[in-house]
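A.B. asks: Encoded as structure tokens, here's the structure I'll be asking about.
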Amino acid sequence: MLRRPTTAALLVALVAVGSAACTDGDGTAAPTGSGAATATAPAPAPTESLLPSPTSTGSSVGDLAAGFPTDLVSPPEGSEILVSSAETDAATGLTTLSLNLRSPLDTDQLVQAVREQLVAAGFGETVVDPGTTGLAATSTFVRGDGGTELLTLGVLDRDGVRTLTLGGTVRL
């Protein structure tokens, strides 16, 4: 006649298996409960890159990128350039540009400084109601029939400093 293990023997076996599962391999107890779920991954080493290397060569931080069309639009006087880019697509001849800057000018003066340059270059402006965007000012500038040349301008006014973003595609 075969004997079935007693309840006590089964309980001891389950405790032994459970204890083995809760170690980290060297016999020390691994975290359990809510602490196990909140364990964090190790911080990256100082030499480890957090962002992929840029493939673009047409951008610059703190200055105008090489090839940026300053004859089309130049940063207003007293502005601090945050980042800019200018990349021409050889297939289409269109240049994608981006300009981000801070300025001490008030919103109207800042928009007017950019507006004057773009209108002089043949762009038409459509002002967007800033209440729908959360920005202090928003405009779209289009040149030509097909709308392939399109620039969008936005100004964020926060704590007495204006940040302007201008970006889009133009033919130079």
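A.B. asks: Which whole-Hz couplings ³J(HN,Hα) result when phi for each residue of segment 143-155 is put into the Karplus expression 6.51 cos²θ - 1.76 cosθ + 1.60, θ = phi - 60°, listed in order with x for Gly and Pro?
C.D. replies: Couplings: 10, x, 6, x, x, 6, 9, 9, 10, 10, 10, x, 10 Hz.
A.B. asks: Please give the residues of segment 92-109, grouped as numeric ranges, whose backbone N is less than 20 Å from a label point set 7 Å along the Cα-to-Cβ vector of Thr133.
C.D. replies: 96-109
A.B. asks: Accessible surface of Arg143 in the full protein assembly, 1.4 angstrom probe, to the nearest 10 Å²?
C.D. replies: The accessible area of Arg143 comes to roughly 50 Å².
A.B. asks: Now, a different point. Between Asp63 and Ala91, what FRET efficiency comes out of the Förster formula 1/(1 + (r/R0)^6) with R0 = 30 Å and r the beta carbon distance, rounded to 0.05?
C.D. replies: Once rounded, the FRET efficiency stands at 0.60.
A.B. asks: Another question, then. Leaving ligands, DNA and RNA out of it, rank Val73, Val61, Val119 by accessible area with a 1.4 Å probe, largest first.
C.D. replies: Result, largest first: Val61, Val119, Val73.
A.B. asks: Next up: Taking amide H atoms as placed 1.01 Å from N in the peptide plane, list the residues 5 or more away in sequence, or in a different chain, whose amide H sits under 5 Å from that of Leu172.
C.D. replies: For Leu172, whose amide H was placed from the backbone, the distant partners under 5 Å are Thr95.
The values are calculated or read from the model by the stated rules, or taken from the named source; none is laboratory data. Worth saying up front: this structure is predicted, and the values here are computed from it rather than measured. Every residue, glycine as well, gets a Cβ built from its backbone with ideal geometry; the counts of neighbours run over all protein chains shown. Each accessible area value is taken on the protein alone, full model and side chains, heavy atoms only, with ligands, DNA and RNA left out. Shrake-Rupley method; radii C 1.70, N 1.55, O 1.52, S 1.80 Å.
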